[in-house]
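The next block holds one structure in the form of structure tokens; read it before the comments.
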Amino acid sequence: MGEGCDTCRLALSLPPEANKNYRCTPSAVIRFAHEDGRSRFILIDAGKTFREQVIRWFPRCDVARVDAILLTHHHADAVLGLDDVRDVQSHDPVSGRIMPLPVYLSATCMSYVAKQFPYLAMQPDPVTGNTPRRVSSLDWRIVEESPHVAYDIEGLMIRMLPVMHGEDTVALGFLIDNGRQRIAYISDVSRLLSETEWQLTAATTAVGKKEEVEREVHPRKEIDLLMLDCLLPWGRHPTHMCLPQCLVVIRKLRPARTLLIGMGHEIEHESLNKKLLRLADSEGIHVALAYDGLRVPIIL
Ligand SMILES: [Zn+2]
Ligand SMILES: [Zn+2]
């Protein structure tokens with residue numbers, strides 16, 4: 001909170017529920033109806049404000065529990081709420097035990113998390129299903145940092161999108177890709193890797209390197225919704241995209257709709273959002289700022 005900063009003053013002037021400048025760490029919950037008729041809830045990241053987000057937004061957005069977690073990377077704004085996950089875990093109705101919650105993450109992220117939370121990194125006991133202490137019970141699932149593999153996560157097909165988050169760190173974005181909708185979430189990125197950009201680029205026929213074509217013969221439709229990291233309204237930053245780089249990506253990929261996420265206090269919501277909305281008329285691109293508590297209904 002900077003002294004004399006208009007965005008921070010606005011962020012503190014109204015309750016968070018009615019205030020688009022009050023921002024917790026970037027996160028999302030994908031809620032969808034599974035084939036079995038029950039809703040599923042997939043959480044992306046549990047950062048340092050996870051507990052606050054759960055208390056404020058889960059009841060308002062009808063998030064009943066968490067069925068799986070996707071982690072983008074190992075930084076505090078993505079993983080430091082993992083200890084609080086216990087409070088949203090399901091319990092076995094008969095035994096009352098905490099049901100182990102699948103967490104999808106890269107091998108690199110796992111190695112950092114194991115140091116940050118050694119007591120959470122232990123796999124649940126195969127017999128009792130419980131970890132030794134009364135802590136989050138997490139079932140770690142290491143994923144490949146490749147956009148060519150689609151994982152079935154609670155019945156939803158999701159691809160990993162490796163991206164550079166600073167030149168020394170690979171973070172993951174995620175692409176829901178179920179044949180009807182292509183929804184991408186990339187919260188921590190300074191540069192797209194070529195194979196990720198390839199996966200996000202629409203193609204009417206399978207084109208690409210021979211080995212890519214063999215792995216993936218289906219044409220790729222345009223991205224229906226892109227959620228993209230945008231730290232600053234100007235310039236460049238070593239570990240995050242800023243608006244100029246976001247616009248380059250959006251103009252190239254032409255997603256049907258883009259929501260910018262992860263903004264710093266240099267971005268005041270209403271003033272920049274107004275400018276972004278004008279891009280629909282001037283360039284035919286649909287870009288807006290996301291905000292805490294935003295719900296985006298999509299027919300998956
Ligand atoms: Zn500020
Ligand atoms: Zn980070």
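The values are calculated or read from the model by the stated rules, or taken from the named source; none is laboratory data. This one's a predicted model, so the numbers in the text were calculated from it and none came from an experiment. Neighbour counts run over all protein chains shown; Cβ positions are idealised from the backbone, glycine included. Accessible surface areas use protein heavy atoms only, side chains included; no ligands, DNA or RNA. Shrake-Rupley method; radii C 1.70, N 1.55, O 1.52, S 1.80 Å.
Working from label points 7 Å from Cα in the Cα-to-Cβ sense, the residue 167 to residue 95 distance is 5.1 nm.
Gain on full extension, evaluated as 0.36 nm per residue between residue 60 and residue 134 minus their Cα-Cα distance, stands at 23.9 nm.
GNM remark for the chain: springs join alpha carbons under 10 Å apart, and the peak mean-square fluctuation among 94, 170, 63 falls on 94. Distance between the modelled labels on residue 201 and residue 38, one decimal in nanometres: 4.2 nm (7 Å Cα→Cβ projection). On full extension, the segment bounded by residue 141 and residue 300 gains 54.8 nm, given 0.36 nm per residue less the C-alpha separation.
Only Cα pairs under 8 Å and 6+ residues apart enter the sum, and on that basis the relative contact order of the stretch 144-300 stands at 17 percent. Given +1 at the Cβ of Lys and Arg, -1 at the Cβ of Asp and Glu and no other charges, the dipole of the chain around its Cα centre is 440 debye to the nearest 20.
If only the Cβ of Lys and Arg carry +1 and only the Cβ of Asp and Glu carry -1, the dipole of the stretch 235-300 around its Cα centre is close to 300 debye. A helix-only calculation puts the chain at -6500 deg cm²/dmol for mean residue ellipticity at 222 nm, using -39500 (n - 2.57) for each DSSP H run of at least four residues, averaged over all residues. For residue 80, the residues whose modelled amide H falls within less than 5 Å of its own, excluding neighbours fewer than 5 places apart on the same chain, are 48.
When the chain is treated as a Gaussian network with alpha carbon springs shorter than 10 Å, the biggest mean-square fluctuation among 77, 188, 168 belongs to 168.
What FRET efficiency comes out for residue 281 versus residue 122 if R0 is 45 angstrom and r is the Cβ-Cβ distance? Round to the nearest 0.05.
On the way: r = 55 Å, r/R0 = 1.22.
In this case the efficiency is close to 0.25.
Taking a ≥ b ≥ c as the square roots of the eigenvalues of the Cα gyration tensor, the stretch 12-137 is oblate, since a/c reaches 1.5 or more and a/b is not larger than b/c. Taking θ as phi - 60° and the Karplus parameters 6.51, -1.76 and 1.60, the scalar couplings of the stretch 76-85 work out to 4, 6, 10, 10, 6, x, 4, 5, 7, 4 Hz in sequence order, x denoting glycine and proline. Spin-label pair residue 12-residue 291: with each label point 7 Å from Cα along the Cα-Cβ axis, the two points sit 2.0 nm from one another. Rounded to the nearest 5, the antiparallel percentage of DSSP beta bridges internal to the chain is 55%.
Here the stretch 144-300 has 55 percent of its accessible surface on carbon and sulfur atoms, given a 1.4 Å probe and all protein chains in place.
Summary value for the chain: 13 percent relative contact order, contacts being C-alpha pairs under 8 angstrom separated by 6+ residues. What percent antiparallel are the DSSP beta bridges of the stretch 24-142, to the nearest 5? Around 40 percent of the beta bridges assigned by DSSP in the stretch 24-142 are antiparallel ones.
Pairs of Cα atoms under 8 Å, at least six residues apart: use those to get the relative contact order of the stretch 24-142, whole percent. That works out to 22 percent. Listed values for the stretch 56-71 are Karplus-derived 3J(HN,Hα) couplings in whole Hz (6.51 cos²θ - 1.76 cosθ + 1.60, θ = phi - 60°), namely 7, 9, 4, x, 5, 9, 6, 8, 7, 6, 10, 9, 7, 10, 10, 10, and x replaces Gly and Pro. Backbone geometry of the stretch 98-113 corresponds, through the Karplus equation with coefficients 6.51, -1.76 and 1.60 at θ = phi - 60°, to 3J(HN,Hα) couplings of 5, 7, x, 9, x, 10, 9, 7, 7, 4, 5, 4, 4, 5, 6, 4 Hz, x marking Gly and Pro.
Less than 5 angstrom separates the built amide H of residue 99 from those of 90, 91, 92, all sequence-distant by 5 or more or on a different chain.
Per residue, the Cα convex hull of the stretch 144-300 amounts to 126 Å³.
The residues of the stretch 24-142 expose, per residue, 48 Å² of accessible area to a 1.4 Å probe. With bins 10 Å wide beginning at 0, the percent of Cα pairs of the stretch 61-109 falling in each bin runs 22, 49, 24, 5.
Over the chain, the alpha carbon radius of gyration divided by the compact-protein estimate 2.2 N^0.38 Å works out to 1.01.
Site-free segments of the chain were taken between GluC sites (Glu not before Pro) in DSSP loops having at most 10 other Cβ atoms within 10 Å, sites themselves excluded; the longest one is 168-300. Along the axis of the charge dipole computed for the stretch 144-300 (Cβ charges of +1 for Lys and Arg, -1 for Asp and Glu, origin at the Cα centre), the listed residues 204, 296, 175 are led at the positive end by 204.
When the Gaussian network model of the chain links Cα atoms closer than 10 Å, the mean-square fluctuations of 72, 25, 108 top out at 108.
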